[in-house]
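Participant: Structure below; questions to follow.
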Amino acid sequence: MSWLLKKVIHNEAMKEDPKEIYGWRVFMLACSACCGGMLFGMDSGIIGGVLTMPAFKSKYGLENASKVEQANLSANIVSTLQAGCFFGALFASPIADKWGRKKALMGAAVVSVLGIVMQCAASGHLEAMYIGRLVTGFGVGAASMINPLYVSENAPRAIRGGLTGLYQLFITMGIMLAFWINYGSLLHIKGPAVYLVPLAMQGLPAVLLFAGMLLCNESPRWLARQDRWEEARATLCRVRNLPSDHPYLEAEFQAIATQLEQERALVGGSGFWDLMREMWTIPGNRKRAIISIFLMICQQMTGTNAINYYAPQIFKNLGVVGNATNLFATGVYGIVKMVACGVFLIFVADSLGRRRSLLWTSIAQGLAMLYIGLYVRIAPPVEGAPVIPAGYVALVCIFLFAAFFQFGWGPVCWIYVSEIPTARLRSLNVAFGAATQWLFNFVVARAVPNMLATVGANGYGTYIIFACFCFSMSVFVWFFIPETKGEIISGLSGILLIVFQGCLSRRWMSSLAPHSSSITRRLTQSEDPWEVTPLLGRWESLPRRMLREWPSKSFPSLV
């Protein structure tokens, strides 16, 4: 396996680290946990197609409703899941810290199955459908928070981006399967079963998640936090496929122990409110939390879930005729998303890096959305008329948008949010990021049906709005997002302060290298109590090469 990874991943960690750590166990662990992503994807993809099925409309009283009433009911059914996900992501943090990542993921799978059973049993009662989707959302949201956290804490640094990004690949796999399940059900199943089968199939990833986690280990970093050091060492040996006395394993284990010791000595209490104070009163931690929150807001404001949830309606607005044809187009859309995400994770995530991926895809997504909006505004499709060449270009832009999203904002946000926090705050930071993602996911799910119905002819303004958001994200990335590929998790602590300081004062940063000793004293005496710690890696990929001349052996880490 290591020889193949070295062919496609080009970073310093891949060259330096022992090949034994890239064994089958770490990949099985990541794939098992990422079934939580497939659960997210199937729940997101199934409901959009189900809402367009005549049998579902008849059962739930949507057939004779006006266009606006249908938009509101559809938005309510879709967005109830996101509401549950928001609370699930928040509550998952203390659960994962107390009971462990493994047990928390298994619990999320059980809760999701219970909610799916309630959806299938709703039988035309909207209230029961809402409750079922709310409960399912609680499980999905919890899994979305724990999954990248668990994988990043187990992954070797050279492939951490790829393995953590598997979560996004499994999301796209779930979306793709959901689209084709809807299409197959519409063609081959009659009566109420045409929508009940897709709803029931949402439970398959939850079953796989529960079964897979039975075979996986707990996070060694979580075990170390519980002072279960022998278990932590044994687990790390097993995951890395190395003997306990191997220098690489000794170094990684010592890094975990040192970081935890420093954090406990400097901060003290480990209760929820202690961690909250630590996150929001220490400047470095606060900056990380703000970056995580803004990344997740940006991810949702690209408009990706507007297409995921309402793809059949969007394809109809672009001139695709027929319910079956719309569902077929959404199936192709799902395949494009999955293939693009797979290519990114294999060839790009740990080679090109996080920052560049976010930068270029922001602009590319904005251009795709802008063209769609202009096409719908200038040459709106006429019902019953053939699609004109400009319309086919708009359809291609939908697929290009899906590919661009998977090369940047889809997987990279989950990777980044799980990489940058300190060990004590990792679960809380990921919880805030995941909860923010679900909150704005809810906003998009609730708003888009009405936007498509009211913001200009065929909703052209919807696409223009998302295009503007995409373009503005490139500015945020340029100034505030440093590169993190190939770094040990415990060594990422110092980057964020330097980036913020660099954005505030170019002159200050340009004078940083000649006066590194005095700068070090100034920084370590600031209000942020972290001491200077060693940081491995190369920094030339940071914005404007701010740290090009910085000494490589030490780094003033304030966070």
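Participant: Along the range 390-404, what does the Karplus equation 6.51 cos²θ - 1.76 cosθ + 1.60 (θ = phi - 60°) give for ³J(HN,Hα), rounded to whole Hz, x for Gly and Pro?
Facilitator: With the stated coefficients, the range 390-404 comes to 4, x, 5, 5, 4, 5, 4, 4, 4, 5, 5, 4, 4, 5, 4 Hz.
Participant: A further question on this structure: Please report S219, S66, S244, S112 as a ranked list, fewest other C-beta atoms within 10 angstrom at the top and most at the bottom.
Facilitator: With the fewest neighbours first, S219, S66, S244, S112 line up as S66, S244, S219, S112.
Participant: While we're looking at this one, here's another question. Just to compare against my own numbers: the Cα pair-distance distribution for the range 84-175, 5 Å bins, whole % per bin, please.
Facilitator: In order of increasing distance, the bins hold 3, 15, 20, 20, 18, 12, 6, 3, 2, 1, 0 percent.
Participant: In addition: I need the calculated FRET efficiency for the pair V339 and V393, taking r as the beta carbon distance and R₀ as 22 Å, to the nearest 0.05.
Facilitator: About 0.60, to the nearest 0.05.
Participant: At 10 °C and 1.306 mPa s, what whole-number value in µm²/s does Stokes-Einstein give for the translational diffusion of the range 358-422, with Rh from the Kirkwood sum over Cα pairs?
Facilitator: Here the translational diffusion coefficient equals 118 µm²/s.
Participant: Just add up the charged neighbours of M106: K/R +1, D/E -1, any other residue whose Cβ is under 15 Å from the Cβ of M106. Before the final figure, lay out each step's value.
Facilitator: Details: positive: K98, R101, K102, K103; negative: E218.
Every neighbour counted, the sum reads +3.
Participant: Residues with beta-carbon under 11 Å from that of L215, excluding L215: net charge, scoring Lys, Arg +1 and Asp, Glu -1?
Facilitator: On the way: positive: R25, K102; negative: none.
Once positives and negatives cancel, what remains is +2.
Participant: Where a ≥ b ≥ c are the square roots of the eigenvalues of the C-alpha gyration tensor, would you call the range 201-268 rounded, which needs a/c under 1.5, or, failing that, prolate if a/b is larger than b/c, or oblate?
Facilitator: Details: a/c = 3.37, a/b = 1.66, b/c = 2.03.
Oblate is the answer for the range 201-268, as a/c is 1.5 or above yet b/c matches or exceeds a/b.
Participant: Show me the ranking of peptides 204-216, 297-309 by mean Cβ neighbours inside 10 Å, starting with the highest.
Facilitator: On the way: 204-216: 19.6, 297-309: 24.1.
The packing order, highest mean first, is 297-309, 204-216.
Participant: Could you pull out the pairs from K59/K337; K67/K316; K316/K337; K102/K287; K57/K190 whose alpha carbons sit more than 22 Å apart here?
Facilitator: Cα-Cα > 22 Å for K59/K337; K102/K287; rest within.
Participant: Just order 407-415, 385-393 by mean Cβ neighbour count inside 10 Å, highest at the front, would you? Don't jump to the answer; show the numbers that get you there.
Facilitator: Values: 407-415: 27.4, 385-393: 12.6.
Per-residue Cβ counts within 10 Å, averaged per peptide and sorted highest first, yield 407-415, 385-393.
Participant: Turning to a different aspect of this structure: How would H188, H246, H125 line up from fewest to most surrounding beta-carbon atoms within 10 angstrom? Walk me through the numbers on the way to the answer.
Facilitator: Values: H188 9, H246 17, H125 13.
Lowest count first: H188, H125, H246.
Participant: Now for a separate question. Provide E250, E261 in ascending order of the number of other Cβ atoms located within 10 Å of each residue's Cβ, fewest first. Could the numbers behind the result be given before it?
Facilitator: Working: E250 13, E261 10.
Going from least to most buried by this count: E261, E250.
Participant: While we're on this one: Among 58-64, 334-340, how do they line up by average Cβ neighbours within 10 Å per residue, starting with the highest?
Facilitator: Numbers: 58-64: 14.6, 334-340: 21.6.
Top of the packing list down: 334-340, 58-64.
Participant: To continue, here is another question. Below 15 angstrom from the Cβ of I175, what's the summed charge of the other residues (Lys, Arg +1; Asp, Glu -1)?
Facilitator: After counting each charged neighbour, the total is 0.
Each reported figure results from applying straightforward, stated rules to the coordinates on display, with no laboratory input. None of these values were measured; they are calculated from a predicted model. In this analysis, Cβ positions are derived from the backbone assuming ideal geometry, glycine residues included, and neighbour counts consider all displayed protein chains.
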